[in-house]
Amino acid sequence: MKILNACKVGMALTAAAFLGLATSQPADAITFSLTDIGTLGGDYNQSYATDINEYGQVVGSSNTADGQGRAFLWEKSSGMSDLGTLGGNNSGASAINDYGQVIGNSSTADGQSRAFFWDKSSGMSDLGTLGGDYSSANAINNLGQVVGQSNTADGQGRPFLWEKSSGMVNLGTLGGKSSYARAINNYGQVVGSLYDANGPYRAFLWEKSSGMSDLGTLGGDFSFARAINDYGQVIGWLFTAASPYRSFFWEKSSGMSDLGTLGGDFSFAIAINNYGQVLGYSATADGRMRPFLWEKSSGISDLNDLVWAPDWILDNVVGINNAGQIAGYGLYNGQYRAFLLTPNTSKSVPEPSSALAFLALGAVGAGAAKRQRLQHEASSRN
């Protein structure tokens, strides 16, 4: 944790190292190789991925041989490991940062559901609540900041930001009835959705300096923010004036744009990396739901067309890192299994064993990262 605290001088290295490369990615056609993540040995032989970090480590949930659901961490070198619980029977991982720190949700010995924080040195700990009896963790950045939602003592649902030094803080609602936080980037910017004072859910962006702001819609009433990258680009889905549930891409300079579909009426954007590659799923012209990859240069593509995996039907995608690796889950011989997709390119993925040494440079690179971001924003306005 000493290295992590050092990085708080600026920000974590992911924002420093990868933002500097973000404007030079070639727009080549991409194909992927598939790796079966496996399971924890349960009878149903099922596993579900939820996130991936820059080192190709994947987290999610899988059933065990005794029928319990467990949070897992998967690594290429050692396979899948059970992260345990907070004293109850079940747990599930939601996200992982580049330090291998994992957050998620677990049942407790008294039957409650709580947000947890896990790392290799200390295991799993309870993040608490905002005064109520429930909390759920959704995302973690490289500073160890966690966001999610919790109920308050009066039963209201609220978004929270958790830090080790200060605990859980209520981010508010903009005067609405309820809200939840879904993602956080390495600058501490938070996105999620709020149930505003007039009724509809709206996507929000929260920043420490300015608080919570409504990101708007594309003519409809509803919008839901799902993810944010280190450029402050936000993705999610919304209702348009003509159609419900369309994926959007938002940035400060240009506002919201519709990412389209795979030929059907619906699409949902799920994840984004620092290159602006977006994952989600969409209806096709014949009514099927399929995972997609969207890039500014090539538009929206069905991931099933980019992977040679005859025994698989790719069903859900959950995360994409800056090496272009994708985590998700799909049907493998009729059972749901977690997978890792790796681009068939020469671009290498660093090993997790090098993570701490690599990330320790974060404080040095923080100034460069900030300059890169300001240059990007300036060029977007011109």
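The values are calculated or read from the model by the stated rules, or taken from the named source; none is laboratory data. This one's a predicted model, so the numbers in the text were calculated from it and none came from an experiment. Cβ atoms come from the backbone with ideal geometry, glycine included; neighbour counts cover every protein chain shown.
So which residues in region 286-322 are aliphatic (A, V, I, L, M), over 16 Å from the mean Cα position of the chain (by Cα) and under 23 Å from Val59 (Cβ atoms)?
Matches in region 286-322: Leu303, Val307, Ala309, Ile313, Leu314.
Closer than 26 Å to Asn229 by Cα and small (Gly, Ala, Ser) - does that describe any residue in region 121-134?
Checked against the condition, which is being closer than 26 Å to Asn229 by Cα and small (Gly, Ala, Ser), region 121-134 yields no hits at all.
Only strands (runs of 3 or more DSSP E) wholly contained in region 74-150 count here; list those with 2 or more residues that are of a type outside the set (Ser, Thr, Tyr) and within 14 Å of Met168 (Cβ to Cβ).
113-119, 131-140
Starting from residues that are among the hydroxyl-bearing types (Ser, Thr, Tyr) and in a loop (DSSP other than H, G, I, E, B), keep the ones in region 321-370 and report whichever is modelled with the lowest pLDDT. Walk me through it before giving the result.
The initial filter retains those residues of region 321-370 that are among the hydroxyl-bearing types (Ser, Thr, Tyr), namely 329, 332, 336, 342, 345-346, 348, 353-354.
Now narrow it down to the ones that are in a loop (DSSP other than H, G, I, E, B): 345-346, 348.
Working: Thr345: 80, Ser346: 57, Ser348: 64.
So, considering only residues that are among the hydroxyl-bearing types (Ser, Thr, Tyr) and in a loop (DSSP other than H, G, I, E, B), the one modelled with the lowest pLDDT is Ser346.
One line per residue, one yes/no per condition, for (1) touching a residue at least 24 places away in the same chain (Cβ under 8 Å); (2) of a type in the set (Gly, Ala, Ser); (3) more than 20 Å from Gly211 (Cβ to Cβ):
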| position | (1), (2), (3) |
| --- | --- |
| Gly128 | yes, yes, yes |
| Tyr134 | no, no, yes |
| Leu143 | yes, no, no |
| Val147 | yes, no, no |
| Gly155 | no, yes, yes |
| Ser165 | no, yes, yes |
| Val169 | no, no, no |
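Of the conditions (1) on the phi > 0 side of the Ramachandran plot; (2) of a type outside the set (Ser, Thr, Tyr); (3) under 20 Å from the mean Cα position of the chain (by Cα), Gly41 clears all except one; give me its number.
The one condition Gly41 does not meet is (3).
Quick test of your reading of the structure: Met289 fulfils all but one of (1) buried (at least 22 other Cβ atoms within 10 Å of the Cβ); (2) modelled with pLDDT under 95. Name the failing condition by number.
(1)
Considering region 95-131 alone, what residues qualify as being touching an Asp or Glu at 6+ places or on another chain (Cβ under 7 Å) and among the acidic types (Asp, Glu)?
The one that is touching an Asp or Glu at 6+ places or on another chain (Cβ under 7 Å) and among the acidic types (Asp, Glu): Asp98.
Which of the residues that make up region 304-331 are buried (at least 23 other Cβ atoms within 10 Å of the Cβ) and among the hydrophobic types (A, V, I, L, M, F, W, C)?
Those that are buried (at least 23 other Cβ atoms within 10 Å of the Cβ) and among the hydrophobic types (A, V, I, L, M, F, W, C): Leu314, Val317, Val318, Ile320, Ile326, Ala327.
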